[in-house]
1. Taking the condition outside any helix (DSSP H, G or I) and either free of Cβ contacts under 8 Å to residues at least 60 places away in the same chain or out of contact with any strand residue (DSSP E or B) (no Cβ under 7 Å at 6 or more places or on another chain) (or both), does residue B:192 pass?
2. Among all residue pairs at least 6 apart or on different chains, which show Cβ distances below 8 Å where the first residue, located in the range B:120-146, is within 14 Å of chain A (Cβ to nearest Cβ) and the second is exposed (fewer than 15 other Cβ atoms within 10 Å of the Cβ) and in a helix (DSSP H, G or I)?
3. Restricting attention to the range A:89-119, which residues are buried (at least 20 other Cβ atoms within 10 Å of the Cβ) and within 14 Å of chain B (Cβ to nearest Cβ)?
4. Just the residues that are more than 7 Å from every other protein chain (Cβ to nearest Cβ) and touching a helix residue (DSSP H, G or I) at 6+ places or on another chain (Cβ under 6 Å), please, taken from the range B:251-268.
5. Within the range C:114-134, identify whether any single residue is part of a loop (DSSP other than H, G, I, E, B), modelled with pLDDT of 85 or more and within 19 Å of residue C:189 (Cβ to Cβ), and answer yes or no.
6. Spot the failing condition for residue B:263; the list is (1) in a helix (DSSP H, G or I); (2) in contact (Cβ under 8 Å) with a residue 40 or more places away in the chain, and only one is missed.
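The values are calculated or read from the model by the stated rules, or taken from the named source; none is laboratory data. Please read all numbers here as calculations on a predicted model, not as lab measurements. A quick note on method: Cβ atoms are made from the backbone with ideal geometry, for glycine too, and the neighbour counts reach across all protein chains shown.
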């Protein structure tokens, strides 16, 4: 019994350490997010067509913080604009996948008849690696960021569906639910006011990490060639474009790639902390 | 119940999953609203005569209702007719099978690397929880998960290929499976399709050296994804197991720490790792597309990427089905392995 | 009872004090606990949950949890000091001297290893158990394994498991709770230990199974002259199996006596209240007399005698001075000011 107390002590201490780390990560992500939000306002989109061959492949300097690319464009502006695009896409994808997945998962948990078919369908989707399925869908639909995002939504919803369904099923069996039913509480009220709030948060806690994952997948796909072309700045295609000059101008690859890494890292740290928060074993 | 019954049950279930995948794939090819199924077969800039188009339509049964088309499609799949790829100038299945050994060699190398590094790292991190080693391991693993694979590949190329060369040091190759010169001077007659194994079998030392050095960077890049995840899972699982009562009993028998960890703890802790083996393979196959592109590794991933650039939907969709089938069989294997390790599952 | 062999007491715990780390503070959990078990004897260590009996037991083979630290006293097994030994030496002690049987057999058996394997491990660790003449090194691995398996079956038979040749290859989840507990007992006996410590071994079992296990233990005691430290909160078990009893309350031993003496004439008010609280078939009472209040939390113990807030016979010195264990007749000690406890 006492040993359990100390175990909780360790967990809580770890929690605080991680919370500080998560707070730092949160600040970093917030900074990136704000930058992305403000980007279209701060940077005219004409920058993308601002070709100045004279200034091409210049290293980082006071004038150009990240240097310039092979068209002489300011890399910092490009990366910032790409932040806007990529973040918006990733957040939309995960948001949509969450809504669809949680909704279907809850349905599967409550309506007996829908459980089996929904699970089989999500099994099928889960058996194809996300990148591959996204590739297939996007290749049929055509190469654009919107289609990529759509494809990624298709790829991401099954996990949330499964998780939500599992949570709902186990929550339904809990004694308090039966107690409430026997007191005459209506089903809808039960679902909305009791079951959903107790089950949905651990599922949502996965979202930050998934945003990071979607970001990387998006960038990877546009790196391979799905990207929206040289006039729409996107992290992955920036890296792809920069790869040709990797030796002369490594900053072309370092800065966009670094942006992806930093965003993804801060999101993963946040996600870890969020998941720990909702881990039932650590709750007192 | 027994082993065999269990295996058969899993096989039946996975067969159903494959059926579902074929439905999705078929829908992508023929049933997408607003997309002309013929578009994939027509190379841009190479118009086809109306008769040729009609002939193609008839061959693909495009005028029949969708369910009928599906039946023809599945029949074709089972026959081995997965369509014709413009990019490879070959039938899709043949093109994929031909390049499969390269991808397998890469994937196996990556899996071995991540298992050899990841499992001990996770175990050690759990045993030294919250001390320096543990923290280091956790930092490395969360960094690993956040690292975009293609960026890692490029960075590794930058360091180990470009910079080492400028410093005049021997460098690791960054493209292809084997040096072009070596392949010409010391050609290898293939046996298994794996360059490493075959060159050993044939005693072709220069080929072996070249192939091995070409494998290093791509395998390491690909292994990063699964390595990071593996370490985390292994550590978490080990921590969970070490808390169990039967570990205390094992200690109370006077067994040495090593025996307790290896025989009692590890066997129980490794099962979650196995469960994720299926998803890990999926992630690896997805990652292979990217890694093969970065390093120009001639596997199925590179072919698929080229297909995308070429608008060759038949190839890309065929690739999807191929990968799904591979995953299904690997999942079956994992389930069987699981039953071997954990006897409770068989009943 | 037959005369005991002379020799060092199998277990001697002297003034053992121990602290637990709870929520960042060190809290005393055991306060100068003393016990003694002679060879062939069975000592029952009785007390409520939280009285410290499990902690006392766990400290003997050095299996205390990470947040426990010993702050004083000594433990001697067969005359040899145990405290302060290295983990390796303790492992040796556990392998041959002190066998611990735990409470819930289901969670204490490794689910992925067969029953036989888990018993045979003991022989792997101590191969000399396989061959008394000591020529074990000469045996091949295959031969050793065969003998280990054979011995495992023997011990399964010893604990009255039916059809041991079949059970030896089973996995723990295939066995009932009672059978699992027998297996754990077999694992303990296979080491031929000097001391067997049984910690609440029947608490997790049905009453009928409990009776079987107790019967088994009684038989085994007779058959192989087992020395036993029996931890329990159930006085009935003590009455059935123990020769001597020590009663613990809130980290201290409050009374220690021969079992019949204790049951006939308990001296310490706590022991008396315990015995009175247990209903018997011959009782005509219609009113049960539980002990009012509850055991103090170890984070906030009362001063002086720990039992004094609940004691029906509390008087002047109780709140101030802790009573020491004083003999009240031969072989019977009590820690209570009523019997001249003095300062303890």
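1. Criteria met by residue B:192.
2. Correct list of pairs: B:125/B:133; B:130/A:10; B:130/A:14.
3. The answer is A:90, A:118.
4. Result: B:260, B:265.
5. yes
6. Checking residue B:263 against (1) in a helix (DSSP H, G or I); (2) in contact (Cβ under 8 Å) with a residue 40 or more places away in the chain, the one that fails is (2).
Residues are listed down the side, and each one gets a yes or a no for (1) within 14 Å of chain A (Cβ to nearest Cβ); (2) surrounded by fewer than 16 Cβ atoms within 10 Å (Cβ to Cβ); (3) within 27 Å of residue B:327 (Cα to Cα):
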| residue | (1), (2), (3) |
| --- | --- |
| B:8 | no, yes, yes |
| B:17 | yes, no, yes |
| B:47 | no, yes, no |
| B:56 | no, yes, no |
| B:59 | no, yes, no |
| B:69 | no, no, yes |
| B:75 | no, yes, yes |
| B:89 | no, yes, yes |
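To keep it simple, each residue is scored yes or no on (1) under 24 Å from the mean Cα position of the chain (by Cα); (2) surrounded by fewer than 21 Cβ atoms within 10 Å (Cβ to Cβ); (3) modelled with pLDDT of 85 or more.
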{"site": "B:199", "(1), (2), (3)": "yes, no, no"}
{"site": "B:235", "(1), (2), (3)": "yes, no, yes"}
{"site": "B:244", "(1), (2), (3)": "no, yes, yes"}
{"site": "B:253", "(1), (2), (3)": "no, no, yes"}
{"site": "B:275", "(1), (2), (3)": "yes, yes, no"}
{"site": "B:283", "(1), (2), (3)": "yes, yes, no"}
{"site": "B:300", "(1), (2), (3)": "yes, no, yes"}
